[in-house]
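Everything on this sheet refers to the single structure shown next.
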Amino acid sequence: MHEMSIALSIIEAVEEKAREEGAGKISGVDLVIGKISGIEPESLKFCFSAAAKGTLAEDAVLMVEEPEGTGECGDCGMRFPVTFYYAECPGCRSLRVKIVSGEEFLIQSITIEE
Amino acid sequence: MCDTCGCSSDGGAVLRKPGESDYHVHVSEGAHGHAHTHSHSGEELHAEDHHHEGHHDHGDGSHHHEGAVRKIVLEQDVLQKNNLLAERNRGYFEAKNIFVLNFLSSPGSGKTSLLEKIIPLMQQRFPVAVIEGDQQTTNDADRIHALGVEVIQINTGSGCHLDALMVNRAVRELDLQDNSLLCIENVGNLVCPALFDLGEALKVVIISVTEGDDKPLKYPTIFHEADICILNKIDLLPYVEFDVAKCRENAMRVNHHLEWFEVSVKSGEGLAVWLEWLEKRLVRH
């Protein structure tokens, strides 16, 4: 259940930013959670609504963009979609695959009301 | 409520020391204000008015907000706070030339037993200190304390992993020596600890032959993050269905940089190889 502590740290970060901007309320939070980042978006959404109670983000709508995983072969350089870390290059069968996207876990933006 | 001092810290991590029943420090004191921000009752009523999910555009005109709506781009790593603090820990460790290992595994695969076995041997060469992570009890710290090394217990309460803040606080309570080895035993859990950098030099994941050789595929994140994998309890191989070669292959598929060791903490088999490797890293460090 690391999603709960993650939800709390998201609230902390967006509240800090919103206060800096003089906002009275956060109405939206946009996250980027890569498909292979190790985070369950559904679980995080559930925790977020609980963690947001009594904060500026209490009514915030959580939007999650989930970029697909992309691997790059360390041997032949081919790029291809991956669904997890144990990817095999479809071109040369190499296992030396570097994940180049899909591991993102970002607070992209927030929407605030003054 | 804290059952030791009666303070209202609910669910936060607590530091404890073996043999010092009065000693306890709350990690979260003054560090996490988020859950306790003041809410104004008037606003709460107002919030309940339109708390229906999916109807957030106020299109019915019944309610109008004053002031502008703005979008602010953050592009900030969600774990940024933890990662920054982990880097601070790392800087401190580098300055004092402390080599830090973060031990990860499911409960019962032999993290504490491994430490009990290697610490007396390492102690002859380097000063050793230990941070123990568990939800409750100082049982593990007591076992390490019996070896005569500096040890502190982090009780995470409801928490499922250690984070950089807990380690930062624990380190302040320890008398760490220069040119030493610090072993951090994370909470027994193959999922959550993978995401939280503590400032360690290396992550060591331990699995045992009683767990199934597909563990690296079932819990890939932690194997992907680890630098070293230790297969423990190999003395039990004759009695269990466990294919060592297959397990190793599975681990390598998830992380081809993984250093692989096979040991039995009980019989001592394979420990010399891993210790030799560790000593080389410590000297080079």
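The values are calculated or read from the model by the stated rules, or taken from the named source; none is laboratory data. Computed from a prediction, not measured in an experiment: that's the story for all the values here. Backbone-built Cβ (ideal geometry, glycine too); neighbour counts: all protein chains shown. In case anyone asks, the SASA skips ligands and DNA or RNA and just uses the protein heavy atoms, side chains included. Shrake-Rupley method; radii C 1.70, N 1.55, O 1.52, S 1.80 Å.
Checking A:Pro67, A:Pro81 one by one, the residue that is within 17 Å of the chain's Cα centre (by Cα) and either part of a helix (DSSP H, G or I) or not small (Gly, Ala, Ser) (or both) is A:Pro67 and no other. Of the residues making up region A:96-114, those that are facing chain B (nearest Cβ under 7 Å) and over 12 Å from the mean Cα position of the chain (by Cα) number 6.
When region B:147-161 is filtered for residues that are free of Cβ contacts under 8 Å to residues at least 40 places away in the same chain and either at negative phi or in contact with a His (Cβ under 6 Å, 6 or more places away or on another chain) (or both), the ones remaining, listed by number, are B:Leu147, B:Val149, B:Glu150, B:Cys160, B:His161.
Taking region A:88-105 as the range and being within 22 Å of B:Glu75 (Cβ to Cβ), open to solvent by less than 50 Å² (accessible area, probe 1.4 Å) and of a type outside the set (S, T, N, Q) as the test, the residues that pass are A:Ile99, A:Gly102, A:Phe105.
A:Ser49 - would you say it is part of a helix (DSSP H, G or I) and either more than 9 Å from chain B (Cβ to nearest Cβ) or free of Cβ contacts under 8 Å to residues at least 60 places away in the same chain (or both)? Answer is yes for this residue. B:Ser208 meets the conditions (1) more than 11 Å from chain A (Cβ to nearest Cβ); (2) within 23 Å of B:Tyr23 (Cα to Cα); (3) touching a residue at least 40 places away in the same chain (Cβ under 8 Å) in every case but one. The failed one is (2).
Note on region B:169-181: residues that are in contact (Cβ under 8 Å) with a residue 60 or more places away in the chain and open to solvent by less than 20 Å² (accessible area, probe 1.4 Å) total 5. Any residue in region B:25-38 that is in contact with a Ser or Thr (Cβ under 8 Å, 6 or more places away or on another chain), at pLDDT 90 or above and not β-branched (Val, Ile, Thr)? So far as region B:25-38 goes, no, none of its residues is in contact with a Ser or Thr (Cβ under 8 Å, 6 or more places away or on another chain), at pLDDT 90 or above and not β-branched (Val, Ile, Thr). If the condition is being at pLDDT 95 or above and part of a helix (DSSP H, G or I), then region B:224-248 contributes B:Ile234, B:Asp235, B:Leu236, B:Leu237, B:Pro238, B:Tyr239, B:Val244, B:Ala245, B:Lys246, B:Cys247, B:Arg248.
Considering region A:50-87, the residues that are open to solvent by 50 Å² or more (accessible area, probe 1.4 Å) and in contact with a Lys or Arg (Cβ under 8 Å, 6 or more places away or on another chain) include one that is farthest from A:Ile39 (Cα to Cα), namely A:Asp75. Suppose we keep only residues that are surrounded by fewer than 21 Cβ atoms within 10 Å (Cβ to Cβ) and among the hydrophobic types (A, V, I, L, M, F, W, C) within region B:138-164. Which one would you say is nearest to the other protein chains (Cβ to nearest Cβ)? So the residue we want is B:Cys160.
Within region A:3-12, the residues that satisfy the criterion of being open to solvent by less than 10 Å² (accessible area, probe 1.4 Å), without any contact (Cβ under 8 Å) to a residue 60 or more places away in the chain and at the interface with another protein chain (Cβ under 8 Å from one of its Cβ atoms) are A:Ile6, A:Ile11. Screening A:Ile36 on (1) closer than 14 Å to A:Leu106 by Cα; (2) more than 7 Å from chain B (Cβ to nearest Cβ); (3) open to solvent by 30 Å² or more (accessible area, probe 1.4 Å) shows it passes everything except condition (3).
Scanning region B:117-137 for residues that are over 24 Å from B:Leu84 (Cβ atoms) and crowded, with 23+ Cβ neighbours inside 10 Å gives B:Val128, B:Val130, B:Glu132.
Residue-level check: of (1) more than 21 Å from B:Asn139 (Cα to Cα); (2) within 11 Å of another protein chain (Cβ to nearest Cβ); (3) open to solvent by less than 40 Å² (accessible area, probe 1.4 Å), B:Ile230 misses just (2).
Reported count of residues in region A:13-29, each being charged (D, E, K, R) and open to solvent by less than 30 Å² (accessible area, probe 1.4 Å), is 1.
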